[in-house]
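The values are calculated or read from the model by the stated rules, or taken from the named source; none is laboratory data. Because the structure is a prediction, the values reported are computed rather than measured. With ideal geometry, Cβ positions are generated from the backbone for all residues, glycine too; neighbour counts draw on all protein chains shown.
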Amino acid sequence: MLELRHDNDQSTLRMNGRKLLELRDIKCQLDVMKNTSGSALFEIGNTKVVAFLQAQTLGVNQLNRGILNVNFFVTNFSAIEHRADIKKDIKMKEFTRMIKSVFEQVILLDLYPRSQLDLQVFVLEADGGYRSAAFNAVSLALMDGGIAMKDFVVATTAGLLGNVGVIDLIYQEEKKQNCEFVLVHLQKAQKIAYVNLNCNKIRLSDFEKLMSISVDSCDKIANEMKTAIRAKLVKNINSFYFK
Amino acid sequence: MFSSFSINERDFLQEAIKSNFRVDARGVQDYRSIEVKFGQENGQVLLKIGKTQILTQSSLKLVTPQPGKPNEGFFRFNTEFSSLQQAAEYTSSINTLSEMRVDITRFIDKVLKSSRATDRESLCIVQGRLVWSLSVDLYLINEDGNIMDACFIASVLSLMNTRLPEVTITRDRIKINEEKVKYLNVHHIPICTTFFFIDGIENPIIDANAKEEKLAKSRLSICMNIFEDLCGMSSLGCLEADPQTIIKCSKVALIKTKEITKIIREAFANRNNQEILDFLNSKNKRSLQQENERTAQQFLQNFLGNDDKNTNQTNDDDDIVEDQEVVEILRQNYNKKAKSTNQQSIDKSVQKKEVRISQIGNDVQDALNSGNQSKRKDKMKEKQEKIQEIDSQGDNLSLSSALKKKNKNKNA
Amino acid sequence: MRIVVPGDYVDEGFIAGHGTYEQEGKIYASLAGIVHRIDKVICVKPLKTSFKPDIGDVIIGRIVAVENKRWTVDINSYQHGVLNLTNINLPGGLQRRRSEEDKMQMRNYFKENDIISGEVQSINTHDGKINMQTRNLKYGKLINGFLIKVDHNYIRRMKSHILEFFQEDWQPIACIIGTNGYIWIYTPDKLTQNTQQSEVKVISKETRVKMAVLRNSIIILEKVQLPIFKDTIQKVLDSQRQNAIEAKDMLKSYEILGKEAKYLIESEINLKKPVNLQLIQTDINNQDFIMN
């Protein structure tokens, strides 16, 4: 299967007919689970990641800031082949630490003394780019649960097909592992929060390309997320006048 | 954040870094002194960056390959961070020592495999049946900040210093010759540079020592080689950096990579003049050898019944045999044998030689254990003499002897 | 009225209230919600909050632990509430100093997993500790009923949190609506006016049916996203009687039952809302992916 093909009017298309910098369809849903403090489902194409937040109390007289616990889980039915052994997977442990380290510094934990915020992130379907989808789902869940954050966190995945920079890889494109680049961006400060590059040797010039296209696509994803949040707030606007 | 740090110390360090003159008189982008020592054992490297010390050793094991990937061997990187005195004190603001282990092991694994520093095909002996499984053990001896870089460089170096024993397959047996001939093929040397971002300071610092690392809120590790290829990147914590800063960092990383690669190449060239670093218990080593020989015999039995042709083919396709002269010598030996004596006598003689070689091997190990250099040298000389005797008898089919003959022919 | 997300710039020159933070003199939002300005304070009200009690709130809680001279109570908030031994009503209404014997007999008053109703006495400023009290005769241990949990955002502060329904029948059903989202439905004693009941009664089937009807109506109000107070509950009960829907079928036909209550609320809210928003309608029909 060709990775890239050229159309008659000389615009290059990818495997599923997308242009190089085109994102798949994004769907964000907030308040997906009733018993939790906050929850969100983030879908991009076929990749679905759901995040649940539970704000709990600690009995012990702790520090004067809250604690964030993250539990990241790639379900064994999420990939094409069913995976039986998940508990020993060191990849998931590594990624939980990544999520935790970023959000620990973005959430204003000083406002939640003696509390514990438990985040459960589940990848329901992994069709490429589940790492950035996880960051987005957590960000939405925190906003849904009313947890104060310094900034709006958005993430995106980019890659290289040959020498060409593309946005939002699907599973087949990711598998070749020419390059998978995850970037987490803070919208207000316009700064980068997290970078992860998984590749088989790329040139520095290609890397600069990747950075610039990722930052642009973060803006697009941020807009989608914001419209979803606004829609939810407007839908429930009457509840602001209940009291 | 979770730093067990006095406020005065923290402020002083921050001011020092801001003024581009760190507490130990380094610049913001200077490494501490890097010392590399290669050992004689397989994959043995002692790496020092300032006071941080890492010791590595690698071990090889014979296994069957995965059914889906018949000509790929296995790599594993294990890290041991259980140094007693550090475990209690080490609380950097980013994470604790045991948590770092997961990060570091995964990063090394990911980068060295996907960037093809060395490929798994080079560990293949018999396609579909026998491959090497190489496990590299990293021991943290002393921790003084910047463990990520140290572990990464040490693991690459230990790959460079790994020697694969040749495996010769004759009719009924597999012989693992511990006379190490072939170095593991390392295609390029990726070097990791870690940048620590400190709150309130725009430019990140390189190679923080333990105290400076406590100050840092986030880190960015960039992995490059001297051919300007970017091999991997990973970050921890919320960087809050511009895209330009990250690109600047990668350019600085390139410069540092070139410096460090130079140091490494010099050290590798001088490796034979260094002392032998000896810490692995010889008992473990012997049991590993025996285990390898046992597995080898099993595999041989398994496929000897099926294919005699296979063994001949592998002898021919073996990458070890490259030189035409060597091939001729082997053929001469084989023809002599076929003409003169029976198979059984050949086997007996080969058996005797094996026993002798294993005896000699034991002697050498005893010599190593004793730790007395002069005795060791004598025993090494004895061993060499004995091997020459055997070679002169002309029955040995192994490559090392063939090569020696070739060298003799050249010299003579 | 502005909708903001975390990191959005809000304003300058005001005091940063809840849901905002200040940086270099400018105020930025830290929550996703609607901006409110009250005099000089700017705050952002999110859609969902964890329950934050105020002094005087009526609360229903579950005893989690019995400690030295106090009980820890789970009140569905960011911290457990604390009920001191000095703040409860001794049986018989005695007023005396609590002695060592009282301390040893704490389990006779309340033990673990008991459900109590009480009031918030005070909140410590420096660590947010919530102190409860049950000094009134209408508060105390709850029996002869059951608990339901509801989203606390649908409950407002009312004059009386103890409501009675089905008064025309000879056995009324009452409910205590806790501001923290816990609601207790029970059968009150007709003779005494106290909610503190001392004995476990035998409850007949008809009573149980009525309790179930009341419970279902409250759940319907939550599902239709309407506030829960006397008038709305009454409307749902009325429409149930009109349409002659049986108790067990109530939850299926929640739309019909919630209609009347909806009209009531919408007219009430339209008075409060600014004019340009009155045209926005609520729509609960598209439920994409909801797990309960």
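Residues are listed down the side, and each one gets a yes or a no for (1) within 15 Å of the chain's Cα centre (by Cα); (2) more than 7 Å from every other protein chain (Cβ to nearest Cβ); (3) surrounded by fewer than 17 Cβ atoms within 10 Å (Cβ to Cβ); (4) hydrophobic (A, V, I, L, M, F, W, C):
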| position | (1), (2), (3), (4) |
| --- | --- |
| A:Asn178 | no, yes, no, no |
| A:Phe181 | yes, yes, no, yes |
| A:His185 | yes, yes, no, no |
| A:Lys201 | no, no, no, no |
| A:Phe207 | no, no, no, yes |
| A:Met211 | no, no, no, yes |
| A:Ala222 | yes, yes, no, yes |
| A:Arg230 | no, no, yes, no |
| A:Tyr241 | no, no, yes, no |
Among residues belonging to segment A:106-123 that are surrounded by 18 or more Cβ atoms within 10 Å (Cβ to Cβ), within 11 Å of another protein chain (Cβ to nearest Cβ) and touching a strand residue (DSSP E or B) at 6+ places or on another chain (Cβ under 9 Å), point out the one that is nearest to A:Val49 (Cα to Cα). A:Leu117
Inside segment C:211-233, the number of residues satisfying the requirement of being modelled with pLDDT of 90 or more and more than 19 Å from C:Tyr182 (Cβ to Cβ) is 1
Within segment A:78-85, can one find any residue that is surrounded by 11 or more Cβ atoms within 10 Å (Cβ to Cβ) and at pLDDT below 80? yes
Candidates C:Ile177, C:Ile123 - the one that is in contact (Cβ under 8 Å) with a residue 12 or more places away in the chain, assigned by TED's automatic domain parsing to the domain that holds C:Glu67 and among the β-branched types (Val, Ile, Thr): C:Ile123
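Yes/no matrix, rows are residues, columns are (1) in contact with a Pro (Cβ under 9 Å, 6 or more places away or on another chain); (2) away from chain C (no Cβ under 12 Å); (3) of a type in the set (Phe, Trp, Tyr):
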{"residue": "A:Gly129", "(1), (2), (3)": "no, yes, no"}
{"residue": "A:Met149", "(1), (2), (3)": "yes, no, no"}
{"residue": "A:Val153", "(1), (2), (3)": "yes, no, no"}
{"residue": "A:Leu169", "(1), (2), (3)": "no, yes, no"}
{"residue": "A:Glu173", "(1), (2), (3)": "no, yes, no"}
{"residue": "A:Asp219", "(1), (2), (3)": "no, yes, no"}
{"residue": "A:Val234", "(1), (2), (3)": "no, no, no"}
With the structure loaded, tell me whether A:Ala193 is within 14 Å of chain C (Cβ to nearest Cβ) and part of a loop (DSSP other than H, G, I, E, B) or whether it fails that test. no
Only one residue in C:Ile75, C:Ile3, C:Ile38 is within 11 Å of chain A (Cβ to nearest Cβ), aliphatic (A, V, I, L, M) and over 25 Å from the mean Cα position of the chain (by Cα). Which one? C:Ile3
Counting only residues that are part of a strand (DSSP E or B) and not hydroxyl-bearing (Ser, Thr, Tyr), segment B:139-184 contains a total of 18
Residue under question is A:Ala158, and the condition is that it be in contact (Cβ under 8 Å) with a residue 24 or more places away in the chain, away from chain C (no Cβ under 14 Å) and either buried (at least 19 other Cβ atoms within 10 Å of the Cβ) or in contact with a Gly (Cβ under 8 Å, 6 or more places away or on another chain) (or both); does it hold? yes
Considering only segment C:29-72, state which residues are surrounded by 22 or more Cβ atoms within 10 Å (Cβ to Cβ) and aromatic (Phe, Trp, Tyr). C:Trp71
Conditions (1) within 28 Å of A:Gln116 (Cα to Cα); (2) of a type in the set (Phe, Trp, Tyr); (3) at pLDDT 90 or above -> C:Phe146 fails only (1)
C:Met211 fails exactly one of the following numbered conditions: (1) touching a residue at least 60 places away in the same chain (Cβ under 8 Å); (2) surrounded by fewer than 17 Cβ atoms within 10 Å (Cβ to Cβ); (3) more than 17 Å from the chain's Cα centre (by Cα). What is the number of that condition? (2)
For the subset of segment C:166-182 comprising residues that are closer than 28 Å to C:Lys205 by Cβ, in contact with a Lys or Arg (Cβ under 8 Å, 6 or more places away or on another chain) and buried (at least 20 other Cβ atoms within 10 Å of the Cβ), which member is farthest from the other protein chains (Cβ to nearest Cβ)? C:Ile173
Filter result for C:Met158 (assigned by TED's automatic domain parsing to the domain that holds C:Ile183 and either of a type outside the set (S, T, N, Q) or touching a residue at least 24 places away in the same chain (Cβ under 8 Å) (or both)): yes
Can you go through B:Ile222, B:Ile276 and tell me which one is among the aliphatic types (A, V, I, L, M), within 30 Å of B:Tyr139 (Cβ to Cβ) and modelled with pLDDT under 70? B:Ile276
A:Val123: β-branched (Val, Ile, Thr) and closer than 20 Å to B:Cys238 by Cβ, yes or no? no
